[in-house]
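Here is the structure we will look at.
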Amino acid sequence: MIKEKNKKTKYIFSGHETFSCRAYWPKKGYDFLIKENKFSDKDSLVKLGVGKNMVSSINHWVKSFGIVNNEGRLFSLWRTILDNKGYDPYLENKGTLWLLHYYIVKTNYASIYNEFFNSFRKEKVEFVKSQLIKFIVSKLELDGFKNFTLNTLDKDINVLLRNYCFSNTIKHNLEDDLSSLLIELELIEKVDVTSSSEQYYSFNVSDRADLPWQIFLYIVLDLFNKETTVDLHSLETQVNAPGLLFCMNKVGIVNKMQEISDNILDVVYKNDAGIITISGLDKLDKNKILAEYYAA
């Protein structure tokens, strides 16, 4: 794993051993850790039932999603979700996938995701891999980060793309594609451009009608902690905001704001001369919102 810290920022690359995150790995990693095992244990291969490289990869992904921190402390949110008696231990609910996506960007343990969805997302709608690499290299050089290679960045980007969209290549079979964790969110898609020698991709920007309003609200409450009022512009453009991370268009965000107001008496939706806001958020408990969502 490559990492470096300076006064400006911290970047971490690799650690995934070129494996995209399989759908069952968050639960497998959680169960392993809750029994006070360590990925460095000699018998970790036997207990996890996978090879050495996959052990390292599972370790990488549970940290990337914020399930556990560098000190080995499990995040209470994932205890409530991934425990055997939790909300959704086997990730059968799409809302859980949205949460995993939010936390892989917010946690910023795997730096490529934060840069991709928060920064590069503002620059491009359609892109090829070489453009993304050039963008990341420019950002690293600007921040004075030197401990990286183009090969490392290329592998990170390949894994990121396989997490979110089908590879359809000879090297990666259909079984690998179907087991990748976040494909169902349909955030990135391939674009056929016959005149290009490179594969084009695009951010699939939509109203995200399938995103539960409770999950949207949980993230708003987490991001704008204790704020009374949040405006549409912030939800579109602020770092880690739903507009960026979930590839949501303005219509979709407004719809969610209205839906929240319709379902929660204390929340007021207002459109005042084009300034769209929701208020009353400081009265809400994000964990109760999540509990109500999973209980529905």
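Read-outs: derived from the displayed coordinates by stated rules, not from any lab. All figures in this text were calculated on a predicted structure; none of them were measured in a lab. For neighbour counting, all protein chains shown are included, and Cβ atoms are generated from backbone atoms with ideal geometry for every residue, glycine included.
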Label point 7 Å beyond Cα of Ser119 along Cβ direction - residues of region 136-158 with amide nitrogen under 11 Å: 136-145
Net length gained if the chain between Glu92 and Phe166 were fully extended (0.36 nm per residue, minus Cα distance): 24.7 nm
FRET efficiency, 1/(1 + (r/R0)^6) with R0 22 Å, evaluated for Glu227 and Thr9 via beta carbons: 0.35
Out-of-range pairs (alpha-carbon distance over 31 Å; input Lys122/Lys146; Lys42/Lys94; Lys38/Lys155; Lys10/Lys38; Lys10/Lys129; Lys124/Lys146): Lys42/Lys94
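Among rounded, prolate and oblate, which fits region 236-278 when a ≥ b ≥ c are the square roots of the eigenvalues of its C-alpha gyration tensor, a/c under 1.5 means rounded, and a/b larger than b/c means prolate? Each step should come with its number before you reach the end.
Working: a/c = 2.09, a/b = 1.53, b/c = 1.37.
Verdict is prolate for region 236-278.
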For region 213-268: rounded, prolate or oblate by the Cα gyration tensor [a/c cutoff 1.5]: oblate
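What does the C-alpha gyration tensor say about the overall shape of the chain? Classify as rounded when a/c is under 1.5, otherwise prolate if a/b is larger than b/c, or oblate.
oblate
Among 238-251, 68-81, how do they line up from the highest to the lowest mean number of other beta-carbon atoms within 10 Å? Write down the numbers at each step before the final one.
On the way: 238-251: 18.7, 68-81: 14.6.
Order by mean packing, descending: 238-251, 68-81.
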Around Val128: net Lys/Arg minus Asp/Glu count, Cβ-Cβ under 12 Å: +2
Gaussian network model of the chain, Cα within-10 Å springs - most flexible of Leu142, Leu161, Leu100: Leu142
Extension reserve of the Tyr200-Ser130 stretch, reckoned as 0.36 nm per residue once the Cα distance is removed: 24.2 nm
Charge sum, other residues only, whose C-beta stays under 11 Å from Ile219's C-beta, Lys/Arg counted +1 and Asp/Glu -1: +2
Under Karplus coefficients 6.51, -1.76 and 1.60, residue-wise ³J(HN,Hα) of region 228-243 in Hz, glycine/proline x: 7, 10, 10, 9, 4, 4, 5, 5, 7, 10, 5, 3, 6, 6, x, x
